[in-house]
Amino acid sequence: MEKREELYAGKAKSVFRTDDPDRFVLVFRDDTSAFDGERKEQLSRKGMVNNRFNAFIMEKLEAAGVPTHFEGLLSDTETLVKKLDMIPVECVVRNVSAGSLCRRLGVEEGQELSPPTYELFLKNDTLHDPMVNESLAVTFNWASETELVHMKELTYKVNSVLKTLFDDAGMLLVDYKLEFGRSGTDIVLGDEFSPDGCRIWDKETRKKMDKDRFRQGLGDVIETYEEVGRRLGINFD
Ligand code: ADP
Ligand code: UDP
């Protein structure tokens, strides 16, 4: 496999073409952004930590029957993935109230949500990722009804696998965002699962162990991501 030209540089990762038309290389950079790219910083080791974290989670999900784009680690910061036709709708599940849910509905942070909620957001930085619904997604051709059903099923399946995984390691999976894409007629989990795209709290102390450390200026961002990984059994050395 040969890495070819860069196709897209996102806020935290870059996508490269390869000599295989069905595969891309994702490069996890040290860049960190928040508030739709308004705040940007370089955090040393972040690319490596998120790359390995994501590989670990994607392998767990694949083993549990969730189709993912993950093909294998290529280096500390590079992963080989299946090329997907990305669906521009982000799927968010919440087990505990936090973030935009609290701001939008005026509910207190930290309430257990039973059953967990499921929300869709349009992936569009200029519009600040507005909340959308299935009807809008179908009307504007972002995804078909069948695809949306499948995305929801898979997003909940991810919840059942990961809630237990984090719980067993003394952590609470508060919420997370997933992105899916098309590979032929299949719906496949794409992008990444790392502390950048989810909220994780310590079960006992409720210490924030995710990107809120960056958003809220709490410090020790990457050290805490590594602590989450180590508790799950990931080796970053
Ligand atoms: P953003 O685009 O939000 O700034 P990133 O910096 O993470 O995000 O960039 C990675 C980009 O790669 C995202 O737009 C994501 O949708 C896209 N992507 C992730 N996985 C795949 C894949 N398997 N095939 C094609 N594109 C992908
Ligand atoms: N999220 C993300 N990318 C986005 C929007 C949200 O990874 O563009 C994640 C975020 O980290 C959190 C979950 O999705 O784990 C829910 O985010 P929320 O709607 O609360 O928005 P936020 O408070 O992050 O603005």
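The values are calculated or read from the model by the stated rules, or taken from the named source; none is laboratory data. Since the model is a prediction, treat every value here as computed from it, not as a measurement. We place every Cβ from the backbone using ideal geometry, glycine too, and count neighbours over all the protein chains shown. The accessibility values were calculated without ligands, DNA or RNA, using every heavy atom of the protein model including side chains. Shrake-Rupley method; radii C 1.70, N 1.55, O 1.52, S 1.80 Å.
Using modelled amide H (1.01 Å from N, peptide plane; none on Pro or chain starts), what sits under 5 Å from the amide H of Lys203, excluding residues fewer than 5 places away?
Met171, Leu172
Would you mind working out the magnitude of the charge dipole of the chain relative to its Cα centre, with +1 at each Lys and Arg C-beta and -1 at each Asp and Glu C-beta, to the nearest 20 Debye? Walk me through the numbers before you get to the answer.
On the way: 34 positive and 45 negative charges, 74 e Å.
It comes to approximately 360 debye.
Does the chain come out rounded, prolate or oblate, given a ≥ b ≥ c as the square roots of the eigenvalues of its C-alpha gyration tensor, rounded meaning a/c under 1.5 and, failing that, prolate meaning a/b above b/c?
rounded
Using a 1.4 angstrom probe with every protein chain in place, what is the largest-first accessible-area order of His128, His150?
His128, His150
For segment 1-62, state which GluC sites (Glu not before Pro) are in a DSSP loop and have at most 14 other beta carbons lying within 10 Å of their beta carbon.
Taking segment 1-62 and a limit of 14 other Cβ atoms within 10 Å, the loop GluC sites (Glu not before Pro) found are Glu2, Glu38.
FRET efficiency for Thr185 and Val15, Cβ-Cβ distance as r, R0 = 30 Å, nearest 0.05?
That gives a FRET efficiency of 0.85.
Calculated FRET efficiency, Val107 and Glu223, Cβ-Cβ r, R0 41 Å, to nearest 0.05?
0.85
Just from its helices, what would the mean residue ellipticity at 222 nm be for the chain, if runs of 4 or more DSSP H residues each count -39500 (n - 2.57) and the sum is divided by every residue, rounded to the nearest 500 deg cm²/dmol?
One gets -9500 deg cm²/dmol as the mean residue ellipticity at 222 nm.
With θ taken as phi - 60° and the coefficients 6.51, -1.76 and 1.60, list the Karplus ³J(HN,Hα) couplings across segment 117-123 in order, rounded to whole Hz; mark glycine and proline as x.
Calculated HN-Hα couplings, in order: 8, 9, 10, 10, 10, 6, 7 Hz.
Run the quick spin-label model on Lys40 and Leu127: label points 7 Å from Cα toward the beta carbon, then report their separation in nm to one decimal.
2.4 nm
What ranking of Tyr176, Tyr118 comes out by heavy-atom accessible area, probe 1.4 Å, highest first? Show your work: numbers first, answer last.
Values: Tyr176 5, Tyr118 45 Å².
I get Tyr118, Tyr176, largest accessible area first.
Each residue of segment 96-103 in order: what ³J(HN,Hα) in whole Hz does its phi give by Karplus 6.51 cos²θ - 1.76 cosθ + 1.60, θ = phi - 60°, with x for Gly and Pro?
9, 6, 6, x, 5, 4, 5, 5
Convert each backbone phi in segment 185-200 into a coupling constant with the Karplus relation 6.51 cos²θ - 1.76 cosθ + 1.60 (shift: θ = phi - 60°), then list the ³J(HN,Hα) values in order as whole Hz, x for Gly and Pro.
9, 8, 9, 10, 5, x, 6, 9, 10, 8, x, 6, x, 8, 10, 10
For Lys3, list the lysines whose Cα falls under 18 Å from its own Cα; do not include residues on the same chain fewer than 8 positions away.
Those lysines meeting the cut-off are Lys13, Lys82, Lys83.
Say a paramagnetic label sat at a point 7 Å from the Cα of Asp76, along Cα to Cβ; which residues of segment 1-40 have their backbone N under 16 Å from it?
Label zone hits: 27-31.
Output the relative contact order of segment 1-145, whole-number percent, from Cα pairs under 8 angstrom with separation of 6+ residues.
The value is 15 percent.
Once Lys and Arg get +1 and Asp and Glu get -1 on their Cβ, which of Leu105, Thr139, Leu122 lies farthest toward the positive end of the dipole of the chain?
My answer, from the dipole projection, is Leu105.
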